[in-house]
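These notes are about the structure you will find just below.
The values are calculated or read from the model by the stated rules, or taken from the named source; none is laboratory data. The structure presented is a predicted model; accordingly, all values stated were derived computationally and were not measured. Cβ placement follows ideal geometry from the backbone for every residue including glycine, while neighbour counts extend to all protein chains displayed. We work out accessible area using only protein heavy atoms, side chains counted, and drop any ligands, DNA or RNA first. Shrake-Rupley method; radii C 1.70, N 1.55, O 1.52, S 1.80 Å.
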Amino acid sequence: MKKTSLMLLLLAGSFCLPVAAENKQDACRIPTLKSAYAELKANPQSKEKQQAFLTAFPDSWQEFIAVYHHYDPLTDSYDRLYQQAPQYIEYLKSLDQVDNTRLIPHLVDLTYGSCWDADAPNYFQEVLHELMTGKKEAFFAELSKKSKAAQFDFWAFYWSSPAKNGTDSPYEKEKKALESAMKDKYPQIVRAMSLAYEYYYGEVIP
């Protein structure tokens, strides 16, 4: 009986260690992000503060979810920066002092392995759509450096939606506008974009 109990404790410890390590890593990054956000709010036009905020912002989907969409089953609630997510993510649209060659790769890379969901993922998706309006050349130029799979991954998240809003929806209009503007210069990317729209718009399980 004692050997069985000891074995169970050892097994439990082996499974808990990675989780504890992940939580510790996330917790270490959050103070830096909060500090960068506070300093940017105090001086929003500072190039240095804008760059520092982008550097502190999650640079992978796993980290993004761990910071802004973390669910704690012990308390049955979302914690960490879940409540602050709208404000933090919204600031990505205000980084006008950060060069596109730095901003756009960060945003594109952040979508790898992504999946649409309400709240933080949805806020980020909305920011991408707003930035695309004035930075489509920068987005397509960055995507042109990526593999076909990476391009499709970006557009899959970009168009993901749990419901369609008819054939005259804002997404439909945007897709047609992007196809018209970019098809000659970036035909491969436009093809991936259009296919992702067909597969993911209105087809994501809410």
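May I ask for the angle, rounded to the nearest 10°, between helix 187-200 and the longest principal axis of the chain, with both axes built from Cα atoms and the value confined to 0 to 90°? With rounding to tens, the tilt is 60 degrees. Projecting the Cα atoms of Ala118, Thr101, Ser194 onto the charge dipole of the chain, computed from C-beta unit charges around the Cα centre, puts Thr101 farthest toward the positive end. Net charge within 12 Å of Glu130 by Cβ-Cβ distance, Lys/Arg positive one each and Asp/Glu negative one each, not counting Glu130 itself? Around Glu130, the charge tally is 0. Take the Cβ-Cβ distance between Ser94 and Asp117 as r, set R0 to 25 Å, and report the resulting FRET efficiency rounded to the nearest 0.05. Rounded to the nearest 0.05, the efficiency is 0.55. Tell me which label goes with the value of volume of the Cα convex hull per residue in Å³ computed from the coordinates here: (i) 101; (ii) 152; (iii) 190. Recomputing volume of the Cα convex hull per residue in Å³ here picks out (ii).
The residues of the chain present an accessible area of 57 Å² per residue when probed at 1.4 Å with all protein chains retained.
The mean sequence separation of alpha-carbon pairs under 8 Å and at least six residues apart, normalised by the residue count of segment 103-192, gives a relative contact order of 36 percent.
Summary value for segment 154-206: 67 percent relative contact order, contacts being C-alpha pairs under 8 angstrom separated by 6+ residues. Entry note, the chain: relative contact order of 16 percent, from Cα contacts under 8 Å with a spacing of 6+ residues.
Dipole check for the chain: with +1 at the C-beta of Lys and Arg, -1 at the C-beta of Asp and Glu, and the Cα centre as origin, the magnitude is about 460 Debye. Annotation for segment 168-206 versus segment 94-133: alpha-carbon center distance of 17 Å. For Lys145, what is the net charge nearby, where nearby means another residue's Cβ is under 15 Å from its Cβ and Lys, Arg count +1, Asp, Glu -1? Net local charge, Lys145 excluded: 0. Where does the charge balance sit around Gln97 when Lys and Arg score +1, Asp and Glu -1, over other residues with C-beta under 10 Å from its C-beta? Overall, the nearby charge balance is -1. Using a 1.4 Å probe on the protein heavy atoms, what percent of the accessible area of the chain belongs to carbon and sulfur? So the carbon and sulfur contribution to the accessible surface is 56 percent. Relative to the longest principal axis of the Cα atoms of the chain, the long axis of helix 148-159 makes an angle of roughly 90 degrees.
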